[in-house]
Amino acid sequence: MNDILQLKGQFQQKVSSSRPGPSNLPRKASVDVMHLEKIRKDMIEVLEFWEQDTILIDALVSVRYMKIAAKSNRIKGLLKGGGKIPNDCIVGAKFTGTEKKQHLITYCVSIEILKKTVVNLNKCINILHSDFDGKITCDEVEEINNKTRIYDTSVIAKSNFVNIIVDSYYIDKVLIEESSEEVEGESIITIYKTSLDTKKIMEKIGIGSLIGKMIDDTTMLLFPDQLAILKRKAPYLIAMAVSDLSSLTRDDFEFQSESTITIPKPENEPIIGVIDTLFDKNVYFTEWVEFHSTVDKELESSDKDFFHGTAVSSIIVDGASINPELDDGCGRFRVRHFGVATSGKFSSFTIMKAIRDIIEMNKDIKVWNLSLGSVMEIHDNFISPEAAELDRIQNKYDVIFVIAGTNKPNFEKKRLKIGAPADSINALVVNSVNLLGRPATYSREGLVLSFFNKPDISYYGGDGPQKIRVCTSTGEAYVAGTSFAAPWISRKMAYLIHIIGLSREAAKALIIDSAVGWKKTEDPSNLIGYGVVPKRIEDIVQSPNDEIRFILSGVSEKYDTYNFNIPVPIYKEKHPFVAKATLCYFPKCSRTQGVDYTNTELDLHFGRIKDSGIKSINGNQQSVEGGHYLFEEDARKYFRKWDNVKHINEELKNGTRGKKAYNNGLWGISIKTKERLSKRDGEGLKFSVVVTLKEINGVNRIEDFIHQCSFRGWLVNRINVDNYIEIYNKAEEEISFD
């Protein structure tokens, strides 16, 4: 087996050299007066509504586009004013439509801007009548941009006129969107962000004090009578609504007679954080677990409140010993266990506040296992508040959550989407398979927001007669559920981060990459994600003799972060390899942006270097000078645009031949950073890429690769497991000074 390599070298940074040109319609497209008049009519109706409203001083305007709209195709001339561009006024985004997805984007603008928009539409309509015979084409817009077609620009400036024409082409309808969400009991409500403080808005509506009920600036906990007032007086304010009380998904337990198990005392083993139900201190491994409870002490607890949490921690501490068929080679781990819920219904609001405090007070823990999940399905158009809070925490702190993919009830036959918080984008979400690697019978499925790949990966969580052995508060049990697949991945993540010393970005990328084979070219499965992670840690941190696997890590500071200096070995003037690469990063996310959730896109290009640049192994032409234009929907589908995990690969087939070595035979990597908003959230964003090269003739060329990398200035670090264990143990030794 070959060791995995870490290549440490200099990434170059450069700003984007391209500048957007003037707006224009697609080829052969046109806009006529009737379409502009329809949009004007919609705008007038929206304006009349807001002129009569007594609650807001702003106007919420929802624009339904013809299709999924790229940032470049969103409105630029309409709703413009007040020193802001329309893109900075977006407060929500949804998908609508059944046969074909359409973007429904909500803007918050002043009444004056809305009035100005109506006036400008009138001007454009008059110009179309007087100068363009009621209809303007792509060629005519181009002539205006080139100043070869003249009209009276004193009526409206050329750029404004062109932008409004192009904006109108992409718009299907303008409207006031009202929430249709049906929730019961106490609810977590998010309202659209406006210039008015949320508490003042609620006071104007007649809703009392919100002290202690706010999650963030626009999200709050409301009682049923308060929600009824909000729905009656200002339904247009509700951006998202979910019930606060939810039941945990159920796992399958089969209890056995108690057996005697022994375990040595803990020493310097890494600590994994567990957030779950309560922990029973009477179990055999209790010295390995530091337990804290955030559950109200006045509430009575029963034996069943300790089953789940104790079982999860037993896998993390001693799973390999009590399940020898799943021995992963990772050893044992200590646990800091936080009991935040009982076995019945739980309050998402209470748990979110508890998790926020727990992470703040335990910054030494890097890997957190969260095997709690809601029976309720995730929503198509917004991230759950629980997942959004976890994503915020993961972006802010150097931590990662490993989350169970939630379970389908035994009696449920229909397909079910995963439940919160398994819709966390930054987390590593784990579904379950049986010992044959097939999806468990209780598996629930993604996608998240109709786009993001969740679950990320799968592991063995027990199914049917083949269950996982655990220790519970009442003794030995055999269990099945995603709750018991996730802890195995938490063990592997902690091993990679604490023992091997990898960053969370590199560890996550390595876990996902290890699950993907060479035959897989289709999109990840909605049930098992990118695949099933290997049992043994050696199969993750080592590769077969005919493979070269290496890790590249960097920080995005400017538009393009690149290195064109990767010396892939050459044999008979060809590169005898197929390649794959996995990119991971932890972006800042905005729940208020709805389906447009991740703020930053890192666009991965990896492959051979030609005179024209990188010939990416997946044919990625995004952002390439002279490349082909891509529709937003295609960019998301084929190149995972806006996804924070990207895997690209070439398929290994019978008869695969080597690739031509261009010029000096070098390969390169380029990470292009794009922002959804205007906040430059991508600056300083860390990323890691795991690259694997498969030699098509079965030859081991790793020494040649290491030699050439060293010659070209790379610092090559071999990840040798035995060496890293020794280093870790030495580093954790207590030194006594006489």
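For the chain, the 222 nm mean residue ellipticity estimated from helices alone, with every DSSP H stretch of n ≥ 4 adding -39500 (n - 2.57) and the total spread over all residues, rounds to -7500 deg cm²/dmol. Rounded to the nearest 10 degrees, the angle from helix 304-322 to the longest Cα principal axis of the chain is 60 degrees. Would you give the gap between the C-alpha center of the stretch 520-571 and the C-alpha center of the stretch 581-623, rounded to a whole Å? Using only Cα atoms, the two centres lie 15 Å from each other.
Computed with the Debye formula from one identical point scatterer per Cα of the stretch 87-188, without solvent, the log10 of I(q)/I(0) at q = 0.13, 0.15 Å⁻¹ comes to -0.64, -0.79. Relative to one another, the C-alpha centroids of the stretch 336-412 and the stretch 265-281 are positioned 17 Å apart. Of all aspartates and glutamates in the structure, those lying under 16 Å Cα to Cα from K679, and not within fewer than 8 positions of it along the same chain, are D88, E557, D596, E601. Rolling a 1.4 angstrom probe over the protein heavy atoms with all chains in place gives the chain an accessible area of 42 Å² per residue.
Taken over the stretch 355-433, the convex hull of the Cα atoms encloses 94 Å³ per residue. Between the alpha-carbon centres of the stretch 131-196 and the stretch 667-719 there is a gap of 42 Å. Counting only alpha carbon atoms, the long axis of helix 504-514 and the longest principal axis of the chain meet at about 80°. The percentage of C-alpha pairs in the stretch 1-140 whose separation is greater than 19 Å is 64%.
For the stretch 611-714, the Kirkwood hydrodynamic radius from C-alpha pairs, put into Stokes-Einstein at 20 °C and a viscosity of 1.002 mPa s, yields a diffusion coefficient of 126 µm² per second.
Solvent-accessible area of the chain (1.4 angstrom probe, protein heavy atoms only): carbon and sulfur portion equals 48 percent. Cross-link reach is defined here as a Cα-Cα straight distance under 23 Å, omitting same-chain residues fewer than 8 places apart; for K135 the lysines meeting it are K28, K38, K41, K67, K76, K116, K123, K147, K158, K173.
Of all DSSP beta bridges in the chain, what percent run antiparallel (nearest 5)?
On the way: 106 of 137 bridges.
So the antiparallel bridges amount to about 75 percent of the total.
Rounded to the nearest 10 degrees, the angle from helix 702-711 to the longest Cα principal axis of the chain is 60 degrees. Based on the convex hull around the alpha carbon atoms, the stretch 296-431 presents an average projected area of 10.1 nm². As a ratio to 2.2 N^0.38 Å, the alpha-carbon radius of gyration for the chain is 1.04.
Extension gain, T137 to K297, is 50.5 nm, computed as 0.36 nm per intervening residue step minus the present C-alpha separation.
Would you please give the FRET efficiency between N545 and K414, computed as 1/(1 + (r/R0)^6) with r the Cβ-Cβ distance and R0 = 56 Å, to the nearest 0.05?
Taking R0 as 56 Å, the efficiency between N545 and K414 is 0.75.
The lysine pair count for the stretch 446-572, using Cα distances under 27 Å and pairs eight or more places apart or on different chains, is 20.
Compute the whole-percent fraction of alpha carbon pairs in the stretch 410-529 spaced more than 25 Å apart. Within the stretch 410-529, distances greater than 25 Å cover 26 percent of Cα pairs. Enclosing the Cα atoms of the stretch 486-642 in their convex hull gives a volume equal to 167 cubic angstrom per residue.
The values are calculated or read from the model by the stated rules, or taken from the named source; none is laboratory data. Everything quoted here is computed from the prediction, not taken from an experiment. Using ideal geometry, Cβ is built from the backbone for each residue, glycine included, and neighbour counts are taken over all protein chains shown. Calculation scope for accessible area: heavy atoms of the full protein, side chains included, ligands and nucleic acids excluded. Shrake-Rupley method; radii C 1.70, N 1.55, O 1.52, S 1.80 Å.
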